[in-house]
Amino acid sequence: MIPFNDLRRAVAARRPEHEAALARVAESGWYVLGPEGRAFEDEFAMAVCGGGHAAGVASGTDAIELALRALGVGPGDEVVTQANTCIPTIAGIERAGATPVLCDVEPAAGTMDPDSLQGALSPRTRAVVPVHLYGQCADVDAVRAVTGTIPIVEDCAQAHGARLRSRPAGSMGTLAAFSFYPTKNLGGLGDGGAVASRDAELAERVRLLRIYGQAERYVHLEHGINSRLDELQAAVLRARLPHLEGGNARRRAIAAVYDAALAGTAAQPLARLDGRVHAFHLYVVRVPDRDAFQAAVETAGVQTLVHYPRPVHRHPAYTSLGERVPLTVSERLAGEIVSLPIFPELTDAEVEQIAAAAASAAGSA
Ligand SMILES: *Cc1c(COP(=O)(O)O)cnc(C)c1O
């Protein structure tokens, strides 16, 4: 069975770099907020966001929370995001103390629909969080045309290395949240995240908030939390960062093989929008009969997953979020989409097998 992902392969492919990174930290005697983390923040901001500042934090969820808190968002404020996302986006908004409000996505690619966003805004809206879903940037320019001066926090957890009209994901919002969860395009050997911003003061505020609001030892200026990227993860991420672009190029090459195999079948890949460089965190297709498609692909030896089988407001915990605007596109997509394996370490033979399995299943689905 070809697995949806196999995280061991990325380690095996670069064992000496991983071992050197782990040993360097173990022997340094400094494990939290040290030289590896600082070096990674600078390298990451430059390589992935094209400049600006980054603050390492403990997860992508924390990155969303701390980005919002740095903006002063809190209780009584509303933050709008899209209904077709994973729950961490919502959890980060809630952890900031704010109330999440959902808008719909556009049907071609599943990214934020600016018209629906317009309807979801209220006088209490203090931030908007577009998600660069599956590795493709939301149209931040169209979102900004609607939000005006309301700050945008990009959710870049699936989009390390993606671009919109030549600008990198993470460079367009007032702040941006990244996750280094192991399956992400840039992932560690555990949890991690970062907040990026062009605004040095906002980045500095995140650095305060991530360590209990402490400016210098035992001097606390704000009410913060404990959310830090530890030195081991930072060292591993530094070892992996130079290979992000190559990994993304491999993902795009795999996507091209799937595109060619699926052309003219009932399985339609989500649209590749103009002016985007796709990072292909996920390769998502729409099929008329998902259960039959998944069963046929699995019989041919390939694991598939669904991202995501229900929109946010269809989870028992979040039914009350579906009230402000219609979320019909998110609901329809959730019933039709399915993801094929697309990690860089897939062999060419596996890619061919996945493409053939999907094409034949789409013929029968
Ligand atoms: C992974 C992910 C997150 C959260 O990241 P964690 O590091 O798991 O907290 C947030 N938003 C999106 C879209 C994600 O894919």
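Worth pointing out:
- Dipole magnitude of the range 207-365 about its Cα centre (Cβ charges: Lys, Arg +1; Asp, Glu -1), debye to nearest 20: 520 debye
- Stretchable slack from residue 289 to residue 345, in nm (0.36 nm times residue separation minus alpha-carbon distance): 17.2 nm
- Counted residue by residue at 0.36 nm each, then reduced by the alpha carbon distance between them, the extension gain from residue 27 to residue 305 reaches 96.1 nm.
- Average accessible surface for the chain: 40 Å² per residue, computed with a 1.4 Å probe over protein heavy atoms with every protein chain in place.
- Carbon + sulfur, % of accessible area of the chain - ligands and nucleic acids excluded, 1.4 Å: 53 percent
- Distance between modelled label sites at residue 115 and residue 216, nm, 7 Å Cα→Cβ extension: 5.7 nm
- Distance between modelled label sites at residue 46 and residue 332, nm, 7 Å Cα→Cβ extension: 4.7 nm
- Taking the centroid of alpha carbons for each part, the range 1-59 and the range 124-183 are 22 Å apart.
- Net charge, residue 137 excluded, C-beta distance under 14 Å - Lys, Arg +1, Asp, Glu -1: 0
- Inter-label distance, nm, simple model (7 Å from Cα along the C-beta direction), residue 20/residue 353: 3.3 nm
- Zone residues, the range 18-46, relative to residue 226, backbone N less than 18 Å from point 7 Å out along Cα-to-Cβ: 30-34
- Mean Cβ count within 10 Å, highest first, over the residues of peptides 281-289, 30-38: 281-289, 30-38
- Peptides 174-186, 4-16, 120-132 ordered by packing proxy, namely the average of other Cβ atoms within 10 Å per residue, highest first: 174-186, 120-132, 4-16.
The values are calculated or read from the model by the stated rules, or taken from the named source; none is laboratory data. All of these numbers come straight from a predicted model, not from anything done at the bench. So basically every Cβ, Gly included, is an ideal-geometry build from the backbone, and we count neighbours across all protein chains shown. For accessibility, only protein heavy atoms count, side chains too; no ligands or nucleic acids. Shrake-Rupley method; radii C 1.70, N 1.55, O 1.52, S 1.80 Å.
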